[in-house]
Amino acid sequence: MEPKAVNPEMIVALASGLAATRRRRIREKLESVGATVSLVEGSERHYFELRGEIAALQTLSIDSWPGVAKVMVLGESAMHWAPDKAKDCAPIQVGTHTVGVGELTIIAGPCAIEEQERALRIAERVGATGADLFRGGAYKPRTSPYAFQGLGADALPILEQVRRQTGLGIITEVLDARDVERVSQVADMLQVGSRNMHNYSLLKELGQASTPVLLKRGFASTIDEWLMAAEYILSGGNSMVVLCERGIRCGAASRKVVLDLGAISEVKQRTHLPVFIDPSHGSGEAYRVPSLARAAVAAGADGLLIEVHDQPWEALSDGRQALTPEQFDQLVPELRSIRTALGEKKTEYSEHVVESSSGEER
Ligand code: PEP
Ligand code: MN
């Protein structure tokens with residue numbers, strides 16, 4: 001039997017009428033980085049199919065070479081998030097809680113740490129309801145420089161105290177590459193916020209860290225851009241990445257963002273990474289949080305990030321979208337029962353395969 005052909009990782013379309021000498025030079029350059037190159041002759045132009053290390057090929061800026069008309073990247077199999085890489089990864093341990101092993105993870109807490117007593121009060125309440133992890137921002141990325149920026153380093157001992165007193169693992173945002181080490185000392189998981197998804201020096205630093213990372217999707221980012229941000233962390237050596245969709249900009253003026261629940265199945269098909277949903281930032285208003293949270297669980301989310309505040313009307317940030325502890329108490333059992341009802345019996349469809357007239361699959 002013939003060995004099964006390996007699909008190309010990239011197609012390089014050459015300029016039409018390109019001289020054979022130039023074509024040969026391009027081929028040699030590609031082969032010098034280890035690519036296996038096959039020529040496909042078209043009626044107007046020729047193409048090279050490339051197989052090999054896609055990461056090395058992507059460093060070459062092939063699309064700007066003279067004689068190259070277009071480059072198409074096809075293969076994702078070389079990425080560290082490719083589904084078959086799951087076998088290299090352990091379940092993600094966050095404090096005493098394990099993420100991504102079939103149980104729904106619920107992260108809850110205030111947008112920001114405001115003061116110790118309040119943080120402890122909220123943590124005790126959400127812990128009693130069954131939250132798995134506590135969230136609370138020390139460093140807050142605010143649209144206005146005059147808005148509350150978080151307590152900064154002063155919030156870190158408070159987060160430590162929350163963990164000591166409640167046993168809940170801690171997730172908090174890190175804004176600056178220079179803070180990664182310091183924040184890692186108190187956090188069980190580091191959050192990269194939506195505004196920082198493209199902060200490549202931060203992502204590279206997190207690649208060196210040994211703390212799990214929750215990577216939020218940029219609010220104007222495509223799924224491809226989000227996955228490449230994850231690739232920065234994974235390729236640096238930190239395999240503990242959880243993706244979190246939190247709402248993206250859309251054209252409709254009445255809403256700041258729309259929660260992209262369709263991202264869950266796409267990311268699950270294309271990667272092995274757990275996917276969380278943040279219905280709080282994804283809605284902006286507390287009354288909309290429960291329905292989006294329920295829908296997210298039904299759509300297959302591995303976890304949720306929910307803002308809870310004991311007095312939302314007094315919160316220093318994101319009070320409008322925070323649930324009260326009583327609302328959270330009502331919601332959690334609903335979410336857990338949706339997860340249980342779905343069990344393992346989720347129907348998934350693969351891409352449609354159509355028989356062409358030649359009998360080949362396409
Ligand atoms: C947050 O979680 O409080 C936050 C700032 O989130 P995002 O980065 O999604 O806006
Ligand atoms: Mn917030």
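For the criterion of being within 30 Å of Gly75 (Cα to Cα) and of a type in the set (D, E, K, R), Glu231 passes. Looking for something touching a helix residue (DSSP H, G or I) at 6+ places or on another chain (Cβ under 6 Å), in contact (Cβ under 8 Å) with a residue 40 or more places away in the chain, crowded, with 20+ Cβ neighbours inside 10 Å and of a type outside the set (Phe, Trp, Tyr) - is there at least one such residue anywhere in region 155-162? For region 155-162, residues touching a helix residue (DSSP H, G or I) at 6+ places or on another chain (Cβ under 6 Å), in contact (Cβ under 8 Å) with a residue 40 or more places away in the chain, crowded, with 20+ Cβ neighbours inside 10 Å and of a type outside the set (Phe, Trp, Tyr): present.
Of everything in region 297-312 that's of a type in the set (A, V, I, L, M), outside any loop (DSSP other than H, G, I, E, B) and under 15 Å from the mean Cα position of the chain (by Cα), which residue is farthest from ligand 1 (Cβ to nearest atom)? Only one residue tops the list, namely Leu304. Somewhere in region 109-132, is a residue closer than 19 Å to Phe276 by Cα, at pLDDT 95 or above and acidic (Asp, Glu)? Yes, because at least one residue in region 109-132 is closer than 19 Å to Phe276 by Cα, at pLDDT 95 or above and acidic (Asp, Glu).
Scanning region 273-291 for residues that are more than 15 Å from ligand 2 (Cβ to nearest atom) and buried (at least 19 other Cβ atoms within 10 Å of the Cβ) returns Leu273, Pro274, Val275, Pro290.
Considering only region 274-319, how many residues are of a type in the set (Phe, Trp, Tyr) and within 17 Å of Ala263 (Cα to Cα)? Lay out the reasoning, then the answer.
Within region 274-319, the subset of a type in the set (Phe, Trp, Tyr) is 276, 287, 313.
Those still in the list that are within 17 Å of Ala263 (Cα to Cα) too: 276.
Count: 1.
Residues that are loosely packed, with under 15 Cβ neighbours inside 10 Å, among the aliphatic types (A, V, I, L, M) and without any contact (Cβ under 8 Å) to a residue 12 or more places away in the chain do not occur anywhere in region 6-14.
Yes or no: region 94-102 includes at least one residue that is in contact with a helix residue (DSSP H, G or I) (Cβ under 8 Å, 6 or more places away or on another chain) and not assigned by TED's automatic domain parsing to the domain that holds Pro325. No, region 94-102 contains no residue that is in contact with a helix residue (DSSP H, G or I) (Cβ under 8 Å, 6 or more places away or on another chain) and not assigned by TED's automatic domain parsing to the domain that holds Pro325. Quick one: which residue in Leu243, Leu273 is away from ligand 1 (no atom under 16 Å from the Cβ), in contact with a strand residue (DSSP E or B) (Cβ under 7 Å, 6 or more places away or on another chain), touching a residue at least 12 places away in the same chain (Cβ under 8 Å) and under 27 Å from Asp188 (Cβ atoms)? Being away from ligand 1 (no atom under 16 Å from the Cβ), in contact with a strand residue (DSSP E or B) (Cβ under 7 Å, 6 or more places away or on another chain), touching a residue at least 12 places away in the same chain (Cβ under 8 Å) and under 27 Å from Asp188 (Cβ atoms) holds for just one of Leu243, Leu273, which is Leu273. Filter region 108-141 down to residues that are in a loop (DSSP other than H, G, I, E, B) and surrounded by fewer than 16 Cβ atoms within 10 Å (Cβ to Cβ) and give me whichever is farthest from ligand 2 (Cβ to nearest atom). Looking at residues that are in a loop (DSSP other than H, G, I, E, B) and surrounded by fewer than 16 Cβ atoms within 10 Å (Cβ to Cβ), I get Gly130.
Answer with yes or no whether Ser221 is of a type in the set (S, T, N, Q), surrounded by 15 or more Cβ atoms within 10 Å (Cβ to Cβ), under 14 Å from the mean Cα position of the chain (by Cα) and more than 15 Å from ligand 1 (Cβ to nearest atom). No; evaluated as a whole, the condition is false for this residue. Every test in (1) within 16 Å of ligand 1 (Cβ to nearest atom); (2) closer than 20 Å to Ile306 by Cα is passed by Val183 save one, and that test is (2).
More than 15 Å from ligand 2 (Cβ to nearest atom) and touching a strand residue (DSSP E or B) at 6+ places or on another chain (Cβ under 6 Å): is that true of Ala322 in this structure?
Details: more than 15 Å from ligand 2 (Cβ to nearest atom): no; touching a strand residue (DSSP E or B) at 6+ places or on another chain (Cβ under 6 Å): yes.
For Ala322, the condition - more than 15 Å from ligand 2 (Cβ to nearest atom) and touching a strand residue (DSSP E or B) at 6+ places or on another chain (Cβ under 6 Å) - is not met.
Out of Leu30, Leu57, Leu50, Leu18, I need the residue that is surrounded by 10 or more Cβ atoms within 10 Å (Cβ to Cβ), over 30 Å from Glu225 (Cβ atoms), of a type outside the set (Val, Ile, Thr) and touching a strand residue (DSSP E or B) at 6+ places or on another chain (Cβ under 9 Å). Which one? I'd like the intermediate steps shown before the answer.
On the way: Leu30 fails: over 30 Å from Glu225 (Cβ atoms); Leu57 fails: over 30 Å from Glu225 (Cβ atoms); Leu50 fails: over 30 Å from Glu225 (Cβ atoms).
It is Leu18.
The values are calculated or read from the model by the stated rules, or taken from the named source; none is laboratory data. Please read these numbers as outputs of a predicted model, since none were measured by experiment. So basically every Cβ, Gly included, is an ideal-geometry build from the backbone, and we count neighbours across all protein chains shown.
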